[in-house]
Amino acid sequence: MSKEKSDVEIKAFVDELMGKMTLEEKAGQITQYFNFLRVPEESRRVEAELAAGRCGSMLFVPNAEDINRLQKIAVEQTRLGIPLLFGYDVIHGLRTAMPVPIAVAASWDPDLAEEGQSVAAAEARAVGLHWSFAPMVDIARDPRWGRIIEGAGEDPYLGAAMAAAQVRGFQGAYVGAPDHVISGPKHFAGYGAAIGGRDYDEANISDNELWNVYLPPFKAAIDAGAYNIMSAYMGLNGVPATGNKWLLSDVLRDTWGFKGFVVTDAGAAYDLCTHGYAADVADAGLRALDAGVDLEMAPPFGESAYRTLPQSVAEGKVSEADIDIAVRRVLEAKVRMGLFDNPYVDVKEAEAVLTRPAHRDTARRAAERSAVLLRNDGDLLPLPRDLASIAVIGPLADSARDTVGPWIFEQDDSETVTVLAGIRAKVGAATRVDYAQGVTLPGRYFKSIFENDEHKQTPRPIVDDTIGIQRAVDLARKSDVVVLVLGEGQVQIGEHASRSSLDLPGRQQELMDAVIGTGKPVVLLLMAARPLDLKGSYTRALMGIWYPGSQGGAAVANLLFGDAVPGGKLPYTWPRNIGQIPLHYAQLKSHKPDWAAERYWNEPNSPLYPFGYGLSYARFSYANLRLSASAIAPGATLTVSVDVTNSGKVGADEVVQLYIHQRHGSSARPVRLLKGFRRIPLAAGETQTVSFPLGPDELSHWSAASRSVVLDATTFDVFVGGDSTADLTASFDVRKG
Ligand code: BGC
């Protein structure tokens, strides 16, 4: 059984090793290369660099055989035999795909997030990976930005809870714990605030928003032990994040005490030139190092910024001691991960871990717990089990690749349960289930990252849209119920997938309207990870199923037929119209607060669905909101309690949410801020009392007036309920003396 190594032991080992290293070998240790195994000529070049001792880490090698093979080159062919650190984007699973991260955030269940990432970590470690470039903890308030899918949405409190939980899941009890990997929260910092929602564009964030909104999830991740941080691509307030010393050193290390290593985003050190910040690649290396970057990820081949460092030492521009700091951090990570004890993995054992049935169970449960029911008029759901016929319609209903979502590269499509397959497996022989694709979804599968990789570029099944829509309508007409599965395909969301429209891609809207026109009861399942504009089209039931992962279809079938009850809640505000963006619940009061709902002349400014919203097959009522004190001293904690009753007919979960509002003080504060939540199971008819603490952590904020964290003596309003419009309210004072 491995155990945590002591700092003294690690230091002694690394001191001795560094004593033997040349400056070139040191620069190699802090350089990480992509290895696209399916692009052989690139792969060969990278492996030659490795054998020459010019590469300390690799990414994008996700299987045990190749990892062992490459590790052998590092151990047996390089002068000092230092093993490679293998990193990968294990964003929501390796072989077993969990629902995408925004989905898990919608479960409002941090324990589930932890469990899901511990499954991902076990699979990753089993194949020889040491480190996941996750979680992404960027706050996203603009759904045009495709990477909204990778985070926890708009809110820093929910975001911090999900960030910490995922770090615990990936890393386990300590860095190097068996079955776990290093967790690398990203992209530090402010990447989600890309102007116009355009991926990679600059972010201009006030200090108020930085400290109160964008940084807290990073801080929570670091407090949870995250041993790596990835610097962001974009310019933050004019200074590229990867060359931003204030961010990577003053905040991260000096203020927060971060002890791990910092990696750039892919090619981001070289990008300091692209940004017009560094003069040339050598300058980029110097400035990234000086800012606090330890490891350079994926430089363009032959343009590694860190490879220029030995020359810069020769020219007296940087000292070897400065380079040693970064080298030491990378080597320490290798020691902690046990690489010098045993750098190899057992291939057979890896396959056993990847196919563990328990992992699939977690994936199914996670998909069930993340679905968000947005409408269910006349209790259309759950569907009765004795239906004669169900029409399953839509281009996403039977698409394995889309069901798992982006950032899953190693899954086997045959292991993925689509919605159609899930429904077919669920119903009895008496129910006929027919399928019509309807329309073709634009785009291919997977991302440009595998551009050269034909194996990954499966074209989509194509239908003639006009004929397809007619077939779908004919099918709907002869069925009892229609389950329509629409949304965005795998490449329409994620990195480099910003959109200037929230419409359903392709002719899906037309398909939907034609099917609705049949008058049959329609359940619309949205496979999407951002709020879409459905143009007011009405279906009796509407449920967000996200990209639900390997077992998505099985989970959806359980939800449709009542073997699972939806309990997820939106982790973002759903606007009525793209023109409202950015729209989030934690706004400041405006000049005319009473007009807040009507600030556009053409339509209300209220959202279509508020943050925190989600229905159930049960009904919940809230009563007896009470506070343990009407006034507290600064620094003290009071307790908020509320009674929650399930007045429905089935057992179900409710996410009880607590919001506060500070009435006045050193800064004007948002009308509401989430400061507590708990997902609780309630049997039909059951009442439970739920309590939340409100103390200094919840009541203080960073104020631009004093440029520090303050806890004002003021009055706070408290709101408790099932979403961010909760109207059960009370108030208390924070009083000095
Ligand atoms: C993304 C990162 C990712 C890296 C490696 C970059 O383009 O921004 O999130 O970890 O690629 O795949």
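Looking only at helices (runs of 4 or more DSSP H) that lie completely in region 456-563, which have at least 2 residues being among the β-branched types (Val, Ile, Thr), assigned by TED's automatic domain parsing to the domain that holds VAL372 and open to solvent by 10 Å² or more (accessible area, probe 1.4 Å)?
Per the criteria, 465-477.
Here is a check on your reading of the model: is GLU123 closer than 17 Å to SER183 by Cβ, among the acidic types (Asp, Glu) and more than 15 Å from the chain's Cα centre (by Cα)?
So GLU123 passes the test.
Taking only region 39-78 into account, find how many residues are in a loop (DSSP other than H, G, I, E, B) and among the hydrophobic types (A, V, I, L, M, F, W, C).
Selection size over region 39-78: 5.
Scan region 572-580 and tell me whether some residue there is in contact (Cβ under 8 Å) with a residue 12 or more places away in the chain, in a loop (DSSP other than H, G, I, E, B) and either closer than 28 Å to ARG401 by Cβ or out of contact with any Asp or Glu (no Cβ under 9 Å at 6 or more places or on another chain) (or both).
Yes: one or more hits.
Filter region 228-246 down to the residues that are within 19 Å of the chain's Cα centre (by Cα) and either farther than 17 Å from VAL262 by Cα or open to solvent by 20 Å² or more (accessible area, probe 1.4 Å) (or both) and list them by number.
Once the filter is applied, which keeps residues that are within 19 Å of the chain's Cα centre (by Cα) and either farther than 17 Å from VAL262 by Cα or open to solvent by 20 Å² or more (accessible area, probe 1.4 Å) (or both), region 228-246 yields only TYR233.
Regarding region 228-240, can at least one residue be identified that is within 13 Å of the ligand (Cβ to nearest atom) and part of a helix (DSSP H, G or I)?
No.
Within region 355-370, is there a residue that is within 30 Å of ASP465 (Cβ to Cβ) and over 24 Å from the mean Cα position of the chain (by Cα)?
Checked region 355-370: no residue is within 30 Å of ASP465 (Cβ to Cβ) and over 24 Å from the mean Cα position of the chain (by Cα).
Give me a count of the residues in region 698-710 that are touching a Ser or Thr at 6+ places or on another chain (Cβ under 9 Å) and farther than 19 Å from LEU627 by Cα.
Of the residues in that region, 8 qualify.
I'm checking my understanding of the structure. Among residues of region 108-139 that are more than 15 Å from the ligand (Cβ to nearest atom), over 23 Å from ALA371 (Cβ atoms) and of a type in the set (D, E, K, R), which one is least open to solvent (accessible area, probe 1.4 Å)?
GLU123
Scan ALA160, ALA134, ALA177, ALA165 and give me the residue that is closer than 30 Å to SER666 by Cβ and of a type in the set (A, V, I, L, M, F, W, C).
One residue alone meets the criteria, ALA160.
Out of all the residues in region 85-107, which are away from the ligand (no atom under 16 Å from the Cβ) and either open to solvent by 10 Å² or more (accessible area, probe 1.4 Å) or not polar (S, T, N, Q) (or both)?
ARG95, ALA97, MET98, PRO99, ALA103, VAL104, ALA105, ALA106, listed by residue number.
Look at LEU215 and say whether it is assigned by TED's automatic domain parsing to the domain that holds PHE188 and more than 16 Å from the ligand (Cβ to nearest atom).
Against the criterion (assigned by TED's automatic domain parsing to the domain that holds PHE188 and more than 16 Å from the ligand (Cβ to nearest atom)), LEU215 qualifies.
Scan region 256-310 residue by residue and report those that are of a type in the set (S, T, N, Q) and crowded, with 24+ Cβ neighbours inside 10 Å. Give the derivation first.
Of region 256-310, the ones of a type in the set (S, T, N, Q) are 264, 274, 304, 308.
Within region 256-310, THR264, SER304 qualify.
Yes/no per residue for (1) touching a strand residue (DSSP E or B) at 6+ places or on another chain (Cβ under 8 Å); (2) open to solvent by 40 Å² or more (accessible area, probe 1.4 Å); (3) of a type in the set (D, E, K, R):
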site	(1), (2), (3)
ILE632	yes, no, no
VAL644	yes, no, no
ASP653	yes, no, yes
ALA668	no, yes, no
GLY676	yes, no, no
LEU682	yes, no, no
PHE692	yes, no, no
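From the list GLY192, GLY169, GLY196, GLY159, which one is away from the ligand (no atom under 16 Å from the Cβ), part of a helix (DSSP H, G or I) and in contact with a Lys or Arg (Cβ under 8 Å, 6 or more places away or on another chain)?
Going through GLY192, GLY169, GLY196, GLY159 in turn, just one is away from the ligand (no atom under 16 Å from the Cβ), part of a helix (DSSP H, G or I) and in contact with a Lys or Arg (Cβ under 8 Å, 6 or more places away or on another chain): GLY196.
Which count do you get for residues in region 316-350 that are part of a helix (DSSP H, G or I), touching a helix residue (DSSP H, G or I) at 6+ places or on another chain (Cβ under 8 Å), open to solvent by 50 Å² or more (accessible area, probe 1.4 Å) and not aliphatic (A, V, I, L, M)?
Counting residues in region 316-350 that are part of a helix (DSSP H, G or I), touching a helix residue (DSSP H, G or I) at 6+ places or on another chain (Cβ under 8 Å), open to solvent by 50 Å² or more (accessible area, probe 1.4 Å) and not aliphatic (A, V, I, L, M) gives 4.
Check off (1) farther than 23 Å from SER43 by Cβ; (2) away from the ligand (no atom under 16 Å from the Cβ) for ARG307 and give me the number that stays unchecked.
(1)
The values are calculated or read from the model by the stated rules, or taken from the named source; none is laboratory data. Quantities reported herein were computed from a predicted structural model and do not represent experimental measurements. Note that each Cβ is placed from the backbone with ideal geometry, even for glycine, and that neighbours are counted across all protein chains shown. Each accessible area value is taken on the protein alone, full model and side chains, heavy atoms only, with ligands, DNA and RNA left out. Shrake-Rupley method; radii C 1.70, N 1.55, O 1.52, S 1.80 Å.
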